[in-house]
1. Rounded, prolate or oblate for segment 35-230? Axes are the square roots of the Cα gyration tensor eigenvalues, ordered a ≥ b ≥ c, and the cut-off for rounded is a/c under 1.5.
2. Considering only DSSP beta bridges with both partners in segment 35-230, what is the antiparallel share in %, to the nearest 5?
3. Mind putting a number on the dipole of segment 35-230 about its Cα centre? Charges go on the C-beta only, +1 for Lys and Arg and -1 for Asp and Glu, and I need it in Debye to the nearest 20.
4. What residue among Val94, Thr223, His73 has its Cα farthest toward the positive end of the dipole of segment 35-230, where the charges are +1 on Lys, Arg and -1 on Asp, Glu, each on the Cβ?
5. Go through Asn212, His50, Trp120 and say which Cα lies farthest out towards the positive end of the charge dipole of segment 35-230; charges sit on Cβ, +1 for Lys and Arg, -1 for Asp and Glu.
6. Each label point is 7 Å from the Cα along the Cα-to-Cβ direction; what then is the distance between the points at Ala219 and Asn206, in nm?
7. Compute the Rg to Rh ratio over segment 66-151 from the alpha carbon atoms, using the Kirkwood formula for Rh, and round to two decimal places.
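Nothing in this text is a laboratory measurement; each read-out follows from the coordinates by a stated rule. Just so it is clear, the structure is predicted and the values come from calculations on it, not from any experiment. Cβ coordinates were reconstructed from backbone atoms using ideal geometry, including for glycine residues, and neighbour counts include every protein chain displayed.
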Amino acid sequence: MTSFAQTVFYVLAGLFNVFLLYFRKTNRAYCKYQVVKYHSNIPMSPLTTHRLLTVKRKILVLDLDETLIHSHHDGVLRQTVKPGTPSDFTIRVVIDRHPVKFSVHERPHVDYFLTVVSQWYELVVFTASMEVYGSSVADKLDRGRGILKRRYFRQHCTMEVGGYTKDLSAIHPDLSSICILDNSPGAYRKFPHNAIPIPSWFSDPNDTCLLNLLPFLDALRFTSDVRSVLSRNMQVLPETQTVQYY
């Protein structure tokens with residue numbers, strides 16, 4: 001009888017764990033889309049259309065880790081990710097001749113964000129991670145749309161005290177038309193007037209930072225020089241944030 005009771009207990013415990021995993025995944029999906037979307041398809045007035053035609057199309061440089069996604073490898077969870085939290089996708093790469101599997105979590109609303117801003121800007125991925133990892137993540141985020149074609153990786157960064165820095169002039173010599181969205185201030189320390197700071201993201205399913213940026217990015221594309229606006233940004237994040245490179 002005791003053996004039978006134990007068997008029933010283990011079966012029920014297993015079913016409960018399956019249900020809990022399904023509930024967490026469903027809840028994450030719900031949280032991603034419960035916020036009202038930004039209305040980007042409202043027709044522009046003739047004056048607004050003319051203004052947009054008189055300025056250069058801007059370039060938006062996008063960081064990956066802790067900006068658009070968060071990842072951990074081979075089941076090794078950091079304290080920022082709750083055990084049992086399902087990933088949005090996995091990638092398998094070979095690093096130093098060793099196969100490594102990464103579980104990747106997408107920042108809430110990242111797909112919608114990329115869909116909208118790709119209509120306004122030329123998008124460029126610039127990550128301090130290794131190309132074999134960053135390219136695989138970018139492929140997943142692109143979803144075959146061809147909006148993340150230009151990519152820069154660790155070999156394009158400069159190693160300095162405190163981490164890697166990103167040279168925006170290597171992407172385009174005209175710094176008046178380029179801006180970078182990055183959670184690490186150290187990455188853009190040489191180009192602070194081209195930066196759009198964003199808090200690091202790890203696992204909060206209720207995060208709305210990407211959605212909150214849409215009205216600002218919509219307006220920024222109309223300026224003749226992004227630095228005239230971004231140089232006034234006083235919400236610079238501290239350089240002491242933890243940054244993980246792969």
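1. Verdict is prolate for segment 35-230.
2. The answer is about 50 percent antiparallel.
3. I would put it at about 360 debye.
4. Looking along the dipole axis, the top candidate is Thr223.
5. Projecting each Cα onto the dipole axis, the largest value belongs to His50.
6. 2.7 nm
7. On the way: Rg = 13.5 Å, Rh = 13.9 Å.
With Rg and the Kirkwood Rh in hand, the quotient comes to 0.97.
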